[in-house]
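What follows is calculated from the coordinates using simple rules that are stated; it is not laboratory data. It should be emphasised that the depicted structure is a prediction, and the values quoted were computed from it without experimental measurement. For neighbour counting, all protein chains shown are included, and Cβ atoms are generated from backbone atoms with ideal geometry for every residue, glycine included.
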Amino acid sequence: MSAQTVHVCRADYANTRHAQVLVDLLDAYAQDPMGGGEPLSDFAKQNLVACLIARPQAFSVLAFEDASEAQPLGLINCIEGFSTFACRPLVNVHDVVVLSAYRGQRVAERMFELVQVIAQERGACKLTLEVLAGNDSAQRLYARIGFAQYQLNAAVGTAQFLQKWLG
């Protein structure tokens, strides 16, 4: 398989094949150490696609080995947000999944090309994402395709991603 033969498309949440591939790929990612090492809950598996359909700010990109869409390779889930400073939409890349057998073959890079096109179509000013400090291969990919740590002023440092669970 070469990067040129990879078929990349915007996921159609109403397409049962795309919907199942999306859930399966996200579940594989969740079970990976970089995804937390635990499978998706039954609730998430059963409701994820319907919840994405209900959110027009969400979109996903899928990668397959070829146009037959028989062998899924990867997934990127995105959620549109808003930059108050730019007064424009932004797109947060929430999940980046490439099955382990296909890593290092530029599958994610190909998916990011389509993510960028969709973000630009939406008028987004930027893409954002989070990455674990120990995920060196993902960090190399993100740097290669133009991502950098966020900062407004070097004197105050780079931004940190924080979370607070709400039950």
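Considering only G36, G157, G81, the Gaussian network model of the chain with Cα springs below 10 Å gives its largest mean-square fluctuation to G157.
Computed extension length for R55-M34: 5.0 nm, one decimal, from 0.36 nm per residue of separation with the Cα-Cα distance subtracted. Here is the tail figure for the chain: Cα pairs spaced more than 28 Å apart come to 22 percent of all pairs.
Overall, the chain carries a charge dipole of about 500 debye about its Cα centre when +1 sits on the Cβ of Lys and Arg and -1 on the Cβ of Asp and Glu, all other atoms neutral.
3J(HN,Hα) along the range 65-79: 4, 7, 5, 5, 6, 6, 10, x, 10, x, 8, 10, 9, 10, 10 Hz, from the Karplus curve 6.51 cos²θ - 1.76 cosθ + 1.60 with θ = phi - 60°, whole Hz, x for Gly and Pro.
Short-range pairs are left out: with C-alpha atoms under 8 Å and at least six residues apart, the relative contact order of the range 34-76 is 24 percent. For the range 80-167, the set of GluC sites (Glu not before Pro) satisfying both a DSSP loop assignment and a count of at most 12 other C-beta atoms within 10 Å is given as E130. Put simply, when 91-103, 50-62, 141-153 are sorted by average Cβ atoms within 10 angstrom per residue, most first, you get 91-103, 50-62, 141-153.
Amide H contacts under 5 Å for L90: G81, F82, S83, C125, restricted to partners 5 or more places along the chain or on a different chain, H placed in the peptide plane at 1.01 Å from N. Compared with the dominant principal axis of the Cα atoms in the chain, helix 16-31 is inclined by about 60°.
Extension gain for S68-I145 works out to 25.0 nm (0.36 nm per residue, less the C-alpha to C-alpha distance).
Put simply, the amide H of A58, placed in the peptide plane, has neighbours under 5 Å in E80, leaving out anything fewer than 5 places away on its chain.
Its DSSP H runs of at least 4 residues, each contributing -39,500 (n - 2.57), put the calculated 222 nm mean residue ellipticity of the chain at -10000 deg cm²/dmol, to the nearest 500. Helix 107-121 and the long axis of the chain differ in direction by around 60°, with both axes built from C-alpha atoms. Taking the longest Cα principal axis of the chain as reference, the axis of helix 42-53 is set at about 70 degrees.
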